[in-house]
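K.L.:
Sharing a structure below in structure tokens format, with a few things to ask.
The values are calculated or read from the model by the stated rules, or taken from the named source; none is laboratory data. If you're wondering where the values come from, they're calculated on a predicted model, not measured in any experiment. Cβ coordinates were reconstructed from backbone atoms using ideal geometry, including for glycine residues, and neighbour counts include every protein chain displayed. Areas reflect the complete protein model, heavy atoms only, side chains present, ligands, DNA and RNA absent. Shrake-Rupley method; radii C 1.70, N 1.55, O 1.52, S 1.80 Å.
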Amino acid sequence: MIERYVEFLERARWPVIVAVLSLAAAAAWGTRLLSFDASYEAYFSERNPQLAAWHAFQRVYSRSDNILFVLAPRDGEVFSREVLDAVAWLTERAWQVPWSRRVDSITNFQHTEAEGDNLMVRDLVGDAATLDDARIAAVRDIALAEPLLRNRLVSPDRQVTAVNVTVQIERGDARKTAEAMNFCFALRDEFTRRHPAIDMYLTGGIVMDHAFPEASLDDIRTLVPLAYAVIFITMLVLLRSLAATLLTTLVLVLAATSGMGLAGWLGIALTPPSVGAATIIMTLAVADSIHILISLMHALARGMDRRAALRESLTVNLQPVTLTSVTTAIGFLSMNFSDAPPFHDLGNITAMGVLAAWVYSLTLLPALLLMVPLRRPAEARRGALMRALAERVIGRRRALLWSGALSVLAAGAVIPRLEINDQFVKYFDTSIAFRRDTDFVAAHLSGISQLEYSLRAGGESAINEPVYLQHLQAFAQWFEQQPETVHVNSIHLLYKRLNKNLHADDPDWYRLPDSRELAAQYLLLYEFSLPYGLDLNDQINVEKSASRFTVTTGDLSTRELRDLEARAEQWMADNLPAHMQTTATGPAIMFAYISERNIRTMFRGTAFAVLMIVTILTLALRSVRLGLVSLLPNLAPAVLAFGTWTLVVGQVGLVVSVVFAMALGIIVDDTVHFLSKYRHARRDKGLSAEDAVRYAFTSVGTALWVTSVILIGGFALLALSPFQLNQHAGLLMAITIAFALLADFLFLPPLLLAVDGNDQTTRRSRGRYRANCARKS
């Protein structure tokens, strides 16, 4: 069959080349349809309970995200005439941000005070430019004493203030997000020109949404070209053939563009994790071509003509190349079990690219090899190195087997110490402006992580019930006593202020009203006095039967945030009536549970992938024993990698849930090639187990370490990504592949000799080997 296929390629190589290139071009044309999903909600499936709770919350208090302009005067004083005037100017201009629906700052804060029998509701700062020192001092005292401003829109040390713009944009609308952010960037530039002595920082949900596609574009602009360069140079050095390097580069370029193009045709919206598919495809696409080329070169070095050499290369590589492509695709397709859609996309795009590389390696590459002039290589010294390595491994097989097993057990013992941490702000490294600005805001003003509660009061207008307000106050006081809390925002604070105002601003009356009727009157009077855009619709529902309760925390890890949430739930269970008890929601809570959910779902996905891969290998190798043996060297590298990561780093995020499935589909490749050569030597050549190991080392060893070096280099490049998930995935994959190479060279052969090395042929071969060693000594 292989002979007829090579003859066909010789006769019809041009039609084959044109047809394959046409199909590749048609697939790549889909790249023009690619788009970006600019929402953090893209990381959560529709069945995610935390996302469902967040959507339910937003339906009550309206869907909205924010852009926070944070101002830091270089002289360290917010309450000066110049800074207050700058804040007032920015507040006015911020209403023009596209899709904005509310703007809050210390200047337009709706301050209430009594004038005789009247309640006056007006901006805290009127004409800032005309303020005298006494009025500035009064504004300062009011702002710093107001719970709704302190640690929210102004820092207690008076060094930082903020203007918060509430924006309403549909989920994932990258165009509107970009339009709003471009306006904000222009506004920031204008503000800086007008007020060079005030530094500005930008953070908030919309800014984070904008940072996701920015990180993706940064990867495309830097990592993809760098990956091409690194892979090309590495292949040129290792293959020592410009023609072979160029042909392999063509295959990987076509595979990567085909995978990304098919994603465009399928309407897949890119996110930072799925953008990494291009680099991963390029890295994986090398393997098939390398195995075919190195086998071809070995045959040429032995004096075969090109056609015979290609026939031999395809004969020994057709099955393992096909198996590795299928198993790699299975590993990545198992990522569809993940609860995070971006990993579905990453797995599907990569699987399509890997299968495209398989097609191109078995059609386009052989056709071009029959045309492109290739220098006949000399017998490589690498063959002698592989033979020497084989002898050492065989001679020390017991020590290697036991040391390998003990290493895996030791690594597995430390993995439970690995901490899962998904702080979504830290998904970005400090090269991204959003991360730097958010870190500054968290250190000097307020945190970005929030626990949102919708606390039900009962029937219509029941939020005016004194008992309900007292429960809110008690809950707020409990949170304020927790060390993690930075700020608490609750409607009961407004009632206390209004009660004081309507008792001639007597501080003794800064407490909750005593009756429902009085509270309702206060609220009605206040709402009638509010200007357009500054109503209470984001704090209470339409029926006034529930209110919003927001807790802002400091820089907490996933474990710390979940611990705080659990303590709050316990306090509610002990102190609140049943109808008020609820669970926290919000982006921070959603990300706090994302890894746990993905680990559970990917456990099923990984089990499915393992079962499929072992079944395929068992059928292909026609040996249940070899199929089961393949499990250990494929599972051990991941255990060793995570054990090493635990000891060196100690923390990992969402990527932990998918790396094992990704790695399994890749590291099985080397095992397949080694086992295929081993089985060929045992069954077709009649060699002993030890001689079969020697044959596997000399026939495929070079290709294994060449492809592994390229894979390690390609995945290590992802460590340069500004996106933490890609960084951790790349480094973990590189470490796993390095351990996989060691396992296939130092652990798999001793394992094969232990389970398959007691037949008569092996015993005779071992006797001859010992006799030869005795004669030499």
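K.L.:
Residues in region 511-525: is at least one surrounded by 14 or more Cβ atoms within 10 Å (Cβ to Cβ), within 39 Å of the chain's Cα centre (by Cα) and not charged (D, E, K, R)?
P.N.:
No - not one qualifying residue is present in region 511-525.
K.L.:
Only one of Trp29, Trp14 is surrounded by fewer than 13 Cβ atoms within 10 Å (Cβ to Cβ), more than 26 Å from the chain's Cα centre (by Cα) and over 30 Å from Asp199 (Cα atoms). Can you tell me which?
P.N.:
Only one candidate qualifies: Trp14.
K.L.:
Has region 731-738 got at least one residue that is under 19 Å from Leu314 (Cβ atoms) and open to solvent by 30 Å² or more (accessible area, probe 1.4 Å)?
P.N.:
no
K.L.:
How many of the residues making up region 51-71 are open to solvent by 10 Å² or more (accessible area, probe 1.4 Å) and part of a strand (DSSP E or B)?
P.N.:
Here the count works out to 3.
K.L.:
If you go through region 23-39, how many residues are at pLDDT 95 or above and aromatic (Phe, Trp, Tyr)?
P.N.:
Of the residues in region 23-39, 1 are at pLDDT 95 or above and aromatic (Phe, Trp, Tyr).
K.L.:
Now a separate question. For region 621-656, enumerate the residues that are closer than 28 Å to Thr558 by Cα and either in contact with a Ser or Thr (Cβ under 6 Å, 6 or more places away or on another chain) or of a type in the set (Lys, Arg) (or both).
P.N.:
Pro637, Ala638, Ala641, Leu654 - these are the residues of region 621-656 that are closer than 28 Å to Thr558 by Cα and either in contact with a Ser or Thr (Cβ under 6 Å, 6 or more places away or on another chain) or of a type in the set (Lys, Arg) (or both).
K.L.:
What number of residues within region 194-251 satisfy the criterion of being closer than 22 Å to Asp173 by Cβ, buried (at least 19 other Cβ atoms within 10 Å of the Cβ) and of a type in the set (A, V, I, L, M, F, W, C)?
P.N.:
Going through region 194-251 one residue at a time, the tally reaches 7.
K.L.:
Also, quick follow-up: Output the residue which, of all residues in region 350-371 that are open to solvent by less than 10 Å² (accessible area, probe 1.4 Å) and among the hydroxyl-bearing types (Ser, Thr, Tyr), is nearest to Leu9 (Cα to Cα).
P.N.:
Ser361
K.L.:
Based on this model, can you work out whether Asp555 counts as surrounded by fewer than 19 Cβ atoms within 10 Å (Cβ to Cβ), in contact (Cβ under 8 Å) with a residue 12 or more places away in the chain and in contact with a Pro (Cβ under 9 Å, 6 or more places away or on another chain)?
P.N.:
no
K.L.:
Please determine, by comparing only the residues of region 158-193 that are in contact with a helix residue (DSSP H, G or I) (Cβ under 8 Å, 6 or more places away or on another chain) and in a loop (DSSP other than H, G, I, E, B), which one is surrounded by the fewest Cβ atoms within 10 Å (Cβ to Cβ).
P.N.:
Looking at residues that are in contact with a helix residue (DSSP H, G or I) (Cβ under 8 Å, 6 or more places away or on another chain) and in a loop (DSSP other than H, G, I, E, B), I get Glu170.
K.L.:
Go through (1) without any contact (Cβ under 8 Å) to a residue 60 or more places away in the chain; (2) assigned to a helix (DSSP H, G or I); (3) over 24 Å from Phe185 (Cβ atoms); (4) open to solvent by 30 Å² or more (accessible area, probe 1.4 Å) for Arg140 and report which single condition fails.
P.N.:
Only one criterion in (1) without any contact (Cβ under 8 Å) to a residue 60 or more places away in the chain; (2) assigned to a helix (DSSP H, G or I); (3) over 24 Å from Phe185 (Cβ atoms); (4) open to solvent by 30 Å² or more (accessible area, probe 1.4 Å) is unmet by Arg140, namely (1).
K.L.:
A further question follows. Which of the numbered conditions does Arg562 fail, given that it passes all the others? Conditions: (1) open to solvent by 70 Å² or more (accessible area, probe 1.4 Å); (2) under 11 Å from Leu451 (Cβ atoms).
P.N.:
Tallying (1) open to solvent by 70 Å² or more (accessible area, probe 1.4 Å); (2) under 11 Å from Leu451 (Cβ atoms), Arg562 fails exactly one: (1).
K.L.:
Residues that are within 24 Å of Ala229 (Cα to Cα): find the helices (runs of 4 or more DSSP H) completely inside region 623-738 holding 3 or more of those.
P.N.:
On the way: elements: 624-629, 631-648, 656-679, 689-716.
Where helices (runs of 4 or more DSSP H) fall fully within region 623-738 and carry at least 3 residues being within 24 Å of Ala229 (Cα to Cα), they are 656-679, 689-716.
K.L.:
Any residue in region 448-465 that is within 21 Å of Glu527 (Cα to Cα), over 19 Å from the mean Cα position of the chain (by Cα), open to solvent by 60 Å² or more (accessible area, probe 1.4 Å) and in contact (Cβ under 8 Å) with a residue 60 or more places away in the chain?
P.N.:
Looking through region 448-465, at least one residue is within 21 Å of Glu527 (Cα to Cα), over 19 Å from the mean Cα position of the chain (by Cα), open to solvent by 60 Å² or more (accessible area, probe 1.4 Å) and in contact (Cβ under 8 Å) with a residue 60 or more places away in the chain.
K.L.:
Moving on to the next point. Is one or more of the residues making up region 757-768 over 20 Å from Met282 (Cα atoms), modelled with pLDDT of 85 or more and among the acidic types (Asp, Glu)?
P.N.:
Taking every residue of region 757-768 in turn, none turns out to be over 20 Å from Met282 (Cα atoms), modelled with pLDDT of 85 or more and among the acidic types (Asp, Glu).
Yes or no, residue by residue, for (1) in contact with a Pro (Cβ under 6 Å, 6 or more places away or on another chain); (2) of a type outside the set (A, V, I, L, M); (3) on the phi > 0 side of the Ramachandran plot:
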residue	(1), (2), (3)
Asp691	no, yes, no
Thr698	no, yes, no
Trp705	no, yes, no
Gly714	no, yes, no
Phe723	yes, yes, no
Asn726	no, yes, no
Leu731	no, no, no
Leu741	no, no, no
Pro749	no, yes, no
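K.L.:
If you check Ile589, Ile616, Ile594, Ile599, which single one turns out to be of a type outside the set (Lys, Arg), modelled with pLDDT of 90 or more and in a helix (DSSP H, G or I)?
P.N.:
Among Ile589, Ile616, Ile594, Ile599, only Ile589 is of a type outside the set (Lys, Arg), modelled with pLDDT of 90 or more and in a helix (DSSP H, G or I).
K.L.:
Answer with yes or no whether Gln473 is assigned to a helix (DSSP H, G or I), farther than 25 Å from Ala56 by Cα and polar (S, T, N, Q).
P.N.:
When the stated conditions are applied, Gln473 does not pass them.
K.L.:
Select from region 670-710 the residues that are of a type in the set (Phe, Trp, Tyr) and buried (at least 24 other Cβ atoms within 10 Å of the Cβ) and list them in ascending order.
P.N.:
If the condition is that a residue be of a type in the set (Phe, Trp, Tyr) and buried (at least 24 other Cβ atoms within 10 Å of the Cβ), then Phe674, Tyr678, Phe697 are the ones that fit.
K.L.:
With the condition kept exactly as written, say whether any residue in region 36-46 is open to solvent by 10 Å² or more (accessible area, probe 1.4 Å) and either in a helix (DSSP H, G or I) or under 26 Å from Arg307 (Cα atoms) (or both).
P.N.:
Checking region 36-46: not a single residue is open to solvent by 10 Å² or more (accessible area, probe 1.4 Å) and either in a helix (DSSP H, G or I) or under 26 Å from Arg307 (Cα atoms) (or both).
K.L.:
Within region 583-595, can one find any residue that is over 20 Å from the mean Cα position of the chain (by Cα) and open to solvent by less than 60 Å² (accessible area, probe 1.4 Å)?
P.N.:
At the first step, the residues of region 583-595 found to be over 20 Å from the mean Cα position of the chain (by Cα) are 583-585.
Narrowing further to those that are open to solvent by less than 60 Å² (accessible area, probe 1.4 Å): 584-585.
Within region 583-595, one or more residues are over 20 Å from the mean Cα position of the chain (by Cα) and open to solvent by less than 60 Å² (accessible area, probe 1.4 Å).
K.L.:
Here is a list of conditions, (1) modelled with pLDDT under 85; (2) open to solvent by 10 Å² or more (accessible area, probe 1.4 Å), and Leu742 meets all of them except one; can you say which number that is?
P.N.:
If we test Leu742 against (1) modelled with pLDDT under 85; (2) open to solvent by 10 Å² or more (accessible area, probe 1.4 Å), just (1) comes out false.
K.L.:
If you go through region 326-349, how many residues are in contact with a Leu (Cβ under 6 Å, 6 or more places away or on another chain) and buried (at least 24 other Cβ atoms within 10 Å of the Cβ)?
P.N.:
Qualifying residue count, region 326-349: 2.
K.L.:
Next question, about the same structure. Going through region 86-111 one residue at a time, which ones are open to solvent by less than 40 Å² (accessible area, probe 1.4 Å) and among the hydrophobic types (A, V, I, L, M, F, W, C)?
P.N.:
Ala86, Val87, Ala88, Leu90, Ala94, Val97, Val103, Ile106, Phe109
K.L.:
With the checklist (1) touching a strand residue (DSSP E or B) at 6+ places or on another chain (Cβ under 8 Å); (2) of a type in the set (Gly, Ala, Ser); (3) buried (at least 22 other Cβ atoms within 10 Å of the Cβ) in hand, flag the one item Ala433 doesn't pass.
P.N.:
Just one mismatch for Ala433, condition (3).
K.L.:
With respect to Leu469, is the statement that it is closer than 22 Å to Ser454 by Cβ and open to solvent by 10 Å² or more (accessible area, probe 1.4 Å) true?
P.N.:
no
K.L.:
Please state which one of Glu527, Glu565 is without any contact (Cβ under 8 Å) to a residue 12 or more places away in the chain, in contact with a Leu (Cβ under 9 Å, 6 or more places away or on another chain) and in a helix (DSSP H, G or I).
P.N.:
Result of the check over Glu527, Glu565: Glu527.
K.L.:
Among Ala573, Ala638, which is of a type in the set (Gly, Ala, Ser), under 30 Å from Ser45 (Cα atoms) and either in contact with a Lys or Arg (Cβ under 7 Å, 6 or more places away or on another chain) or surrounded by fewer than 22 Cβ atoms within 10 Å (Cβ to Cβ) (or both)? If you could, list the steps in order and put the result at the bottom.
P.N.:
Values: Ala638 fails: either in contact with a Lys or Arg (Cβ under 7 Å, 6 or more places away or on another chain) or surrounded by fewer than 22 Cβ atoms within 10 Å (Cβ to Cβ) (or both).
So the residue among Ala573, Ala638 that is of a type in the set (Gly, Ala, Ser), under 30 Å from Ser45 (Cα atoms) and either in contact with a Lys or Arg (Cβ under 7 Å, 6 or more places away or on another chain) or surrounded by fewer than 22 Cβ atoms within 10 Å (Cβ to Cβ) (or both) is Ala573.
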